[in-house]
1. Starting from region A:433-453, take each residue that is among the hydroxyl-bearing types (Ser, Thr, Tyr) and list its partners that are in a helix (DSSP H, G or I) and at pLDDT below 90, counting only C-beta distances under 9 angstrom and pairs at least six apart or across chains.
2. Tally time: how many residues in region B:221-255 are of a type outside the set (Ser, Thr, Tyr) and exposed (fewer than 12 other Cβ atoms within 10 Å of the Cβ)?
3. How many residues are within 11 Å of another protein chain (Cβ to nearest Cβ) and in a loop (DSSP other than H, G, I, E, B) if we restrict to region B:49-72?
4. Confirm whether residue B:5 is over 21 Å from residue B:289 (Cβ atoms) and either at pLDDT 95 or above or not assigned by TED's automatic domain parsing to the domain that holds residue B:187 (or both).
5. Can you pull out the residues in region B:75-90 that are under 30 Å from residue B:60 (Cβ atoms) and either part of a loop (DSSP other than H, G, I, E, B) or within 8 Å of chain A (Cβ to nearest Cβ) (or both)?
6. What helices (runs of 4 or more DSSP H), lying completely within region A:50-160, carry at least 3 residues that are farther than 25 Å from residue A:243 by Cβ?
7. For residue A:359, indicate whether it is closer than 30 Å to residue A:538 by Cα, within 23 Å of the chain's Cα centre (by Cα) and either within 14 Å of another protein chain (Cβ to nearest Cβ) or not acidic (Asp, Glu) (or both).
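The values are calculated or read from the model by the stated rules, or taken from the named source; none is laboratory data. As the structure is a computational prediction, the values presented were derived from the model and not from experiment. Quick reminder, even Gly has a Cβ in these numbers, built from the backbone with ideal geometry, and neighbours come from all protein chains shown.
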Amino acid sequence: MEREGGAGERRAARTVAVTTARRAARPGALWGLVFGATIAASAISYDSAFPTSAARAGLTRLEGNTAFEALFGPIRRMDTVAGYTAYKSGMFVFVLAAIWGLLVATRQLRGEEDAGRWELFVSGHTSRGRAALDATIGLGAGALALWIPTFLLPAAAGASPKVGIGIGASLFFASAIASGALMFMAIGILASQLASTRHDANLLGAAILAVSYLLRMVADSDARLAWTRWLSPIGWFEELRPLTGSRPLAFVPIGVLVIACVAISVRSATRRDLGAGALRTRDRFRPRTFLLSGQAGLTLRLTRPVIAAWIAALVATGLVFGLVVQAAGNALATSPGIQEVIARLGVTNAGAAAYLGFVFVYAAALVAIAVASQVSAIRNEEAAGRLDNLLVRPVARWRWLAVRLAVGAGFVLLASMLVGGAAWVGAVSQHSSLGLGRLLEAGVNVAPPAIFVLGVGAFVFGLWPRAAIGVTYAVIVWSFLVEILAALVNSNHWLLDTSPFLHVTPAPATAPDWTAGAWLAGLGLIAAVGGVLGFVRRDLAGP
Amino acid sequence: METAILTQGLSKTFGDTRALISLDLEVPRGEVIGYLGPNGAGKTTTLRLLLGLIRATEGRAEIFGIDCQEDPVGVHRGVAYVPGEVNLWPSLTGEETLHLLGRIQGSVDRTYRDALIERFGFDPSKKVRSYSKGNRQKLILIAGLMSRADLLLLDEPTSGLDPLMERAFRDCVQEAREHGQTVFLSSHILAEVEAVCDRIAILRAGRLVEIGTLADMRHLSALQVDATVDGVVPDLSHVPGVGAVEVEGNRLRCRVVGSMEPLVAALAGANVRHLVSTEPSLEELFLAYYGEDAAPEGSPDGA
């Protein structure tokens, strides 16, 4: 009997671990491909972007530039492929890996518990603590799946004599990036034990990520405060110094954090009630019927937390852009290499406006990702069956979708103007001469690609609902990859045309091209109308 | 009499699966009709077609004369739907959910709503995510009933409710009937259907195989006959209308469809000491339609 019980437990453990691993490994490998390609593209482009030693020397002038270092971390050895690649893609990819790690962990633990499926696991031949540990092992397989392409692609690129990054350095870099996924997976696992819903677990993890980023910004903006870097998981990544003098010592706090989070989580999973969080929550609530008088109000009420979080993130981004604008503009003016890179994006002048024109492309991508989250919300409302509650009452389908899309479009406009406004506030504090009107215009200028993404998302939702979320994010990832490619080399005109981001001019470096913007937004609108027509005619579709 | 629900050749195909095949149904206003069928028979598909949530492959349906596919919003003004599977917004409380759904429906009998909350012993101050399955079911049931809509479409509305709450639900259906509301009750619980419904429709593999009052159905169906004879039970294998014969010594058990006369004639020489015939319960009727051996006998179209 005992032996049979042991075998049953082993089987149960395997089931939890394998199920979780399967769900984490596929997206992990996919993101690893994107990360590996981004890093490899940075490395390959260096030689053509900065062919002369004069151009490379120009880049080294960025080293010690507080504005750039505060934004994306320390700048070292910019006269080498490795140093440039580490700065250009390191922090960006690391933070994306961390966000992915957090989301996948809360989905597989708290999300499964929210949905009631976790109960099926832990009612079998396993304990709650054991199941949490097994799910952690499964998530580890996801991190490994992310690590492999993140290592292989740059290592392959590094073999080229023009790049010359060794296998060891690529290995270390990929490990540093994957440590971001691993740390925030561990934080997500812990947050899943503490919070009683996935939404709250995500908020908790996001708050830790934001504080980590702020701490490292503080550390990088003032040498006297450099010690604060050791308080931040993102600071530990900086201390690893991948590609610029690897220091494995910083893996120690990373390892300690991961082990501590997992150990506390397993203990907490054993002690707390299933379905509840370890943190106390209230049971009863006074009704707040604010906004609950109709479908439009409900949409606002449901999307409010997500929209508020995105707007806070976008305003912070705009503010940072503005704060560093003077210093960055000066650096740009003296760096022919970077000027050449941004010239490929259509920016021909130098200075503060050129810098903003360049970085607002990132703002455009962020706003597009934010609006894609609205497409996910629309589809999830249908897939989870909650939409049925509205559509069996006197609510017309076209109206429901139109209201949701209008809220999405309104959010895009508000967010893009706030990015511009926040950039202006930051710039003014640094005595920049850029006017509010010009920066608001530059903000609105990033809206059309996002409206286009929203329209495409609505179109696919109307005709092919189960693909809506995937296609919407794929459009953004594709556009962003094309964007990176465009900055690197003079690519094929037809290829570049497929990215909506490249159809907007880099305001405020140049005047916004409102005609192109109107075309893009108009195409988005037509696609959205098509989506609404399709939705009215099709069956509601479950998951 | 005004027609509440009318379907003509209503059909729905999902890929290769024919979920509903040419359904012809007419439900007059004020009737309480039970809609029976095993899992996958097409009950929920019928309801989703009536609500316009899915498109008919063929045929049409109307509710109070309004086409379900052409004008779903018009249909919904007079309909309240209670789904079997409850998916609500986890971040709203019960009270907030009732407020929202009432506003969207457009009409709420507030006094009745409060009475329902009381009757079902429902605590509306909690968030939906913390409700048990039964409490979620109560919430969606109250949300549906509180509108006092002319037509109640109920899809297994008591799944997850305890027997006390089931009783409370039957009272609600009774009140709806007294109020002149039409009730379309899809259910697995035969006792519930037997207790509250005027007519019963039975669905099998997407086809309507029987519709009528329970009395009609009993009349058409096989009677269970138990008899004891002195001596040997005669061979009944060729007696018309007699089936499922079981003989144990001098005791006989069989089923009879149609007239009892041939059986009585066959037993005439056997000196019957004791004979009892029983009308089938709804459960037996139901099993007769789905049971492997007896199904074709009781089914009028032989399906």
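1. Cβ pairs passing all conditions: A:433/A:352; A:433/A:427.
2. 8
3. Residues that pass the stated criteria total 9.
4. Spelling it out, residue B:5 is indeed over 21 Å from residue B:289 (Cβ atoms) and either at pLDDT 95 or above or not assigned by TED's automatic domain parsing to the domain that holds residue B:187 (or both).
5. Correct list: B:76, B:77, B:78, B:79, B:81, B:83, B:84, B:85, B:86, B:87.
6. A:81-106, A:117-122, A:128-158
7. Spelling it out, it is not the case that residue A:359 is closer than 30 Å to residue A:538 by Cα, within 23 Å of the chain's Cα centre (by Cα) and either within 14 Å of another protein chain (Cβ to nearest Cβ) or not acidic (Asp, Glu) (or both).
Every residue, every condition in (1) touching a residue at least 12 places away in the same chain (Cβ under 8 Å); (2) crowded, with 20+ Cβ neighbours inside 10 Å; (3) within 8 Å of chain A (Cβ to nearest Cβ); (4) among the hydrophobic types (A, V, I, L, M, F, W, C), yes or no:
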| site | (1), (2), (3), (4) |
| --- | --- |
| B:92 | yes, yes, yes, yes |
| B:109 | yes, no, no, no |
| B:118 | no, no, no, no |
| B:129 | yes, no, yes, no |
| B:141 | yes, yes, no, yes |
